[in-house]
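The values are calculated or read from the model by the stated rules, or taken from the named source; none is laboratory data. As the structure is a computational prediction, the values presented were derived from the model and not from experiment. Quick reminder, even Gly has a Cβ in these numbers, built from the backbone with ideal geometry, and neighbours come from all protein chains shown. Each accessible area value is taken on the protein alone, full model and side chains, heavy atoms only, with ligands, DNA and RNA left out. Shrake-Rupley method; radii C 1.70, N 1.55, O 1.52, S 1.80 Å.
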Amino acid sequence: MSDAANRGKGPEAKVREYLKDYDSRTHKFDWHRNYDAKSAGGRFQRQTGDFEFYLPGIHGVIEVKEVDHAFRLPHKNVTTESVAKLTKRQLAGGAIYIAVYHTPVKQWRVLGLAPFRVREGGSWDLSAVRVHPSAKAALDSLGLFI
């Protein structure tokens with residue numbers, strides 16, 4: 001597989017490890033890794049996000065992205081179709097988080113869905129979003145999995 005085909009697999013594994021660890025420490029938590037329609041050769045429709053999580057009083061989705069830029073995320077990485085599916089989940093009461101791993105600086109950002117509804121230029125400038133040294137630090141910053 002090419003580097004482009006593998007992009008995101010490492011960061012997704014880090015988020016999976018984090019959720020698996022949290023799951024081992026509490027019984028009031030459930031999560032699910034959604035199948036990747038792209039890697040399955042289009043045999044089933046796109047899922048809403050990479051991971052679903054369920055806690056008392058809150059459920060949601062985490063979408064994981066990896067980019068080869070220090071602070072930008074190209075619009076093509078979060079398609080209008082994806083934003084529409086995530087918006088529908090949000091309207092149903094779900095919390096939506098986009099976790100972005102920036103390979104050149106080896107840092108993470110995590111943010112909600114709102115910025116991704118606006119498409120100006122060819123990418124989003126995430127430089128104002130706080131950076132974290134790890135997936136754990138980024139997800140801990142949400143205050144959900146503590």
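Can you confirm whether the stretch 38-49 contains a residue that is out of contact with any Lys or Arg (no Cβ under 8 Å at 6 or more places or on another chain), at positive phi, open to solvent by 40 Å² or more (accessible area, probe 1.4 Å) and at pLDDT below 95? Taking every residue of the stretch 38-49 in turn, at least one turns out to be out of contact with any Lys or Arg (no Cβ under 8 Å at 6 or more places or on another chain), at positive phi, open to solvent by 40 Å² or more (accessible area, probe 1.4 Å) and at pLDDT below 95.
For the stretch 84-96, which positions are open to solvent by less than 40 Å² (accessible area, probe 1.4 Å), out of contact with any Lys or Arg (no Cβ under 7 Å at 6 or more places or on another chain) and in contact (Cβ under 8 Å) with a residue 40 or more places away in the chain? Give the derivation first.
At the first step, the residues of the stretch 84-96 found to be open to solvent by less than 40 Å² (accessible area, probe 1.4 Å) are 86-87, 94-96.
Remaining after also requiring out of contact with any Lys or Arg (no Cβ under 7 Å at 6 or more places or on another chain): 86-87, 94-95.
Once the filter is applied, which keeps residues that are open to solvent by less than 40 Å² (accessible area, probe 1.4 Å), out of contact with any Lys or Arg (no Cβ under 7 Å at 6 or more places or on another chain) and in contact (Cβ under 8 Å) with a residue 40 or more places away in the chain, the stretch 84-96 yields only 95.
Rundown of residues vs (1) modelled with pLDDT under 95; (2) within 17 Å of residue 47 (Cβ to Cβ); (3) exposed (fewer than 13 other Cβ atoms within 10 Å of the Cβ), yes/no style:
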{"residue": "78", "(1), (2), (3)": "no, yes, no"}
{"residue": "82", "(1), (2), (3)": "yes, yes, no"}
{"residue": "101", "(1), (2), (3)": "no, no, no"}
{"residue": "107", "(1), (2), (3)": "no, no, no"}
{"residue": "113", "(1), (2), (3)": "no, yes, no"}
{"residue": "130", "(1), (2), (3)": "no, no, no"}
{"residue": "133", "(1), (2), (3)": "no, no, yes"}
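Counting only strands (runs of 3 or more DSSP E) that sit completely within the stretch 41-134, those holding 1 or more residues that are closer than 28 Å to residue 28 by Cβ correspond to 51-55, 58-67, 95-102, 107-111. Are there any pairs with C-beta distances below 7 angstrom linking a residue in the stretch 118-146 that is in contact (Cβ under 8 Å) with a residue 60 or more places away in the chain to a residue that is surrounded by fewer than 17 Cβ atoms within 10 Å (Cβ to Cβ) and aromatic (Phe, Trp, Tyr), with the two at least 6 apart or on different chains, and if so which? Matching pairs, first to second residue: none at all.
Select from the stretch 54-76 the residues that are within 12 Å of the chain's Cα centre (by Cα) and over 23 Å from residue 127 (Cβ atoms) and write down the one among them that is surrounded by the most Cβ atoms within 10 Å (Cβ to Cβ). Here the answer is 61.
Does residue 7 qualify as being basic (Lys, Arg), modelled with pLDDT under 95 and touching a strand residue (DSSP E or B) at 6+ places or on another chain (Cβ under 6 Å)? Yes; evaluated as a whole, the condition is true for this residue.
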